[in-house]
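Enquirer: First the structure, which I've put down as structure tokens, then a few questions once you've had a look.
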Amino acid sequence: VIGSSTGGPRALEVVLSALPADFALPILIVQHMPAGFTANLAQSLSGSCAFDVREARGGEGLERGVALVAPGDRHMRVVGPAREARVELDLGPPRNFCRPSVDVLFESAAEVFGGATLAVVLTGMGQDGLLGAEKLRANGAR
């Protein structure tokens, strides 16, 4: 799981373009952006990466070699048992003045995957991601 805010699109490009096509984990990304911008971000990232990057639609299962970007103005969370985990989107209230919120994604990953989660905060503004990262760390995640 990856969270980023101000400066995030460039940071995402640098990190994701360095990963191999056969990266062993699915990737879920929350980038603080309004609705209408995240589809273009996903398309741009997909063009600079060795794997598919797309805007999440909700209901997708998690696949290695695929990175899903939370749509602007939608929280993205992981739901279900770990082996059948899928992405869910919602219009819940903003967290830390953000929707999508990094905390929402990170906390859901902690609930579904616990210590088997790798979390990255690339850039930040404010507190979004702090509580989610603490929950992940308390569950043994990196």
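Enquirer: Scanning the range 94-125 for residues that are open to solvent by 70 Å² or more (accessible area, probe 1.4 Å) and farther than 27 Å from residue 83 by Cα, which turns out modelled with the lowest pLDDT?
Expert: 125
Enquirer: Among the numbered criteria (1) in a helix (DSSP H, G or I); (2) farther than 13 Å from residue 132 by Cβ, which single criterion is violated by residue 107?
Expert: Single failed check for residue 107: (2).
Enquirer: Residue check, residue 79 against (1) over 13 Å from residue 30 (Cα atoms); (2) touching a residue at least 24 places away in the same chain (Cβ under 8 Å); (3) open to solvent by 30 Å² or more (accessible area, probe 1.4 Å), all met but one. Which one?
Expert: The number of the failed condition is (3).
Enquirer: Considering only residues that are part of a helix (DSSP H, G or I), open to solvent by less than 30 Å² (accessible area, probe 1.4 Å) and not hydrophobic (A, V, I, L, M, F, W, C), which ones fall in the range 126-142?
Expert: Listed by number, the list holds a single entry, 132.
The values are calculated or read from the model by the stated rules, or taken from the named source; none is laboratory data. None of these values were measured; they are calculated from a predicted model. Here Cβ is always computed from backbone atoms with ideal geometry, including for glycine, and neighbour counts include all displayed protein chains. Calculation scope for accessible area: heavy atoms of the full protein, side chains included, ligands and nucleic acids excluded. Shrake-Rupley method; radii C 1.70, N 1.55, O 1.52, S 1.80 Å.
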